[in-house]
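See structure below.
The values are calculated or read from the model by the stated rules, or taken from the named source; none is laboratory data. On a predicted model such as this, the values are computed, not experimentally measured, just so you know. Ideal geometry is used to build each Cβ from the backbone, glycine not excepted, and the neighbour counts take in all protein chains shown.
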Amino acid sequence: MEVRIRLQKVGKSAKKKYNYRIVAISRMSARQSRNLDILGHYDPAKQPAVVVINREKLDKWLQRGARMTDTVRTLVKKHVK
């Protein structure tokens, strides 16, 4: 099973106020399907944008062979030290 670390949309769709979870999920699963692990969250509506990532969980999944999407990779580079 190939695992991806990607964003999962959560929040209100009526007001277009989306927040995102950073999750480990099977590559073939739909965006809103059940995830394997929640690694953090991302709120682009706030200024500056809020990004919280559990570095230990992220490293654990990367060691297991999970691959990050381009968007998550960019968020990690900008906000995780």
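Brief remarks follow.
- Per-region count, the range 66-79, residues over 18 Å from N19 (Cβ atoms), in contact with a strand residue (DSSP E or B) (Cβ under 7 Å, 6 or more places away or on another chain) and not basic (K, R): 2
- V52 being in contact with a strand residue (DSSP E or B) (Cβ under 9 Å, 6 or more places away or on another chain), surrounded by 10 or more Cβ atoms within 10 Å (Cβ to Cβ) and modelled with pLDDT of 90 or more: yes
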